[in-house]
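First up is the structure itself, then whatever we jot down about it.
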Amino acid sequence: MTEILVAYATKMGGTKEIAEAIAARIRAASHEVTVLDAADVGSVADYKAVVLGSALYAGRWRPEAVKLLKRNADLLARRPVWLFHSGPLGTDLSAQKAPRKVQELATRIGADQPFTFGGRLTGQTAVGFLAKKMANGPMAGDYRDWDAIDLWAYKIAQHLVAAR
Ligand SMILES: Cc1cc2nc3c(=O)[nH]c(=O)nc-3n(C[C@H](O)[C@H](O)[C@H](O)COP(=O)(O)O)c2cc1C
């Protein structure tokens, strides 16, 4: 069994970079880590723990992340799972709750509710008409807090070391 899966769902690449940073921190604690687009994950059966994150759009998770959660709910319920999402454009992360369906799935698999990280919306990376328009507005910027991401991943790595 390979060790840890870090899966992400992204449209403009920002959440993938968060997933890669989380994977690097967990790997530094000597775990074998696989990073995959959620759309490319069939089953989580081969992994002993799972980290899953999605970008937020219009208050929702990306469908490929929700599908992964739903399809693998029984397997996930028997493994440690950590969830996160990335979205808020600004420093106030408190308002962004997970969509109800994701909250319910998190409860069903026994995971904590998703941790919120700031998002990124910039002219260079925006994909699609609306995103490009928003990237010219006052919300644009990169609000991903790499120290907070590293700390969150560090706690996961510590948990996994203790569980060995
Ligand atoms: C059309 C659009 C809708 C968005 N809706 C939300 C939202 O409901 N909540 C939120 O926190 N962020 C929202 N965002 C911000 C994105 O989640 C943020 O840019 C995120 O970092 C994108 O992740 P990605 O690069 O992995 O696709 C929205 C962005 C766009 C362009």
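The values are calculated or read from the model by the stated rules, or taken from the named source; none is laboratory data. Owing to the predicted nature of the structure, the values given are computational and were not obtained by experimental measurement. Cβ coordinates were reconstructed from backbone atoms using ideal geometry, including for glycine residues, and neighbour counts include every protein chain displayed. To get the accessible areas, we keep the full protein, side chains included, count just its heavy atoms, and leave off ligands, DNA and RNA. Shrake-Rupley method; radii C 1.70, N 1.55, O 1.52, S 1.80 Å.
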Among the candidates Ala39, Ala45, Ala49, residue that is away from the ligand (no atom under 16 Å from the Cβ), in contact with a helix residue (DSSP H, G or I) (Cβ under 7 Å, 6 or more places away or on another chain), farther than 19 Å from Phe117 by Cα and open to solvent by 20 Å² or more (accessible area, probe 1.4 Å) | Ala45
State which residue pairs qualify: first residue over 18 Å from Asp147 (Cβ atoms) and of a type outside the set (S, T, N, Q) and inside the stretch 3-20, second residue assigned to a helix (DSSP H, G or I) and within 8 Å of the ligand (Cβ to nearest atom) in any location, beta carbons under 7 Å apart, and separation of 6 or more residues or different chains.
-> Tyr8/Thr15; Tyr8/Lys16; Ala9/Thr15; Met12/Ala131
Determine whether Leu76 is within 19 Å of Gln113 (Cβ to Cβ) and within 12 Å of the ligand (Cβ to nearest atom).
-> no
Within the stretch 105-164, can you find the residues that are buried (at least 19 other Cβ atoms within 10 Å of the Cβ) and either on the phi > 0 side of the Ramachandran plot or of a type outside the set (A, V, I, L, M, F, W, C) (or both)?
-> Pro114, Thr116, Gly118, Gly119, Arg120, Tyr143
State which residue is nearest to Ala135 (Cα to Cα) when the search covers only the stretch 3-28 and only residues that are open to solvent by 10 Å² or more (accessible area, probe 1.4 Å) and touching a Phe, Trp or Tyr at 6+ places or on another chain (Cβ under 8 Å).
-> Lys11
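Yes or no, residue by residue, for (1) touching a strand residue (DSSP E or B) at 6+ places or on another chain (Cβ under 6 Å); (2) within 9 Å of the ligand (Cβ to nearest atom):
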{"site": "Leu105", "(1), (2)": "no, no"}
{"site": "Arg108", "(1), (2)": "no, no"}
{"site": "Ala111", "(1), (2)": "yes, no"}
{"site": "Phe115", "(1), (2)": "yes, no"}
{"site": "Leu121", "(1), (2)": "no, yes"}
{"site": "Val127", "(1), (2)": "no, yes"}
{"site": "Lys132", "(1), (2)": "no, yes"}
{"site": "Trp146", "(1), (2)": "no, no"}
{"site": "Leu151", "(1), (2)": "no, no"}
Only residues that are open to solvent by 20 Å² or more (accessible area, probe 1.4 Å) and either among the charged types (D, E, K, R) or within 13 Å of Leu5 (Cα to Cα) (or both): list them for the stretch 63-74, please.
-> Glu64, Lys67, Lys70, Arg71, Asp74
Could you run through the stretch 74-125 and say how many residues are modelled with pLDDT of 95 or more, within 22 Å of Gly14 (Cα to Cα) and hydroxyl-bearing (Ser, Thr, Tyr)?
-> 4
What about Arg60, is it modelled with pLDDT of 95 or more, open to solvent by 90 Å² or more (accessible area, probe 1.4 Å) and within 8 Å of the ligand (Cβ to nearest atom)?
-> yes
What is the residue count in the stretch 61-95 for residues that are within 20 Å of Thr122 (Cα to Cα) and not hydrophobic (A, V, I, L, M, F, W, C)?
-> 8
Over the stretch 1-27, the set of residues touching a helix residue (DSSP H, G or I) at 6+ places or on another chain (Cβ under 7 Å) and away from the ligand (no atom under 16 Å from the Cβ) is Ile4, Arg25, Ile26
All-but-one check, Leu83 against (1) closer than 23 Å to Asp142 by Cα; (2) open to solvent by 40 Å² or more (accessible area, probe 1.4 Å), failing number (2)
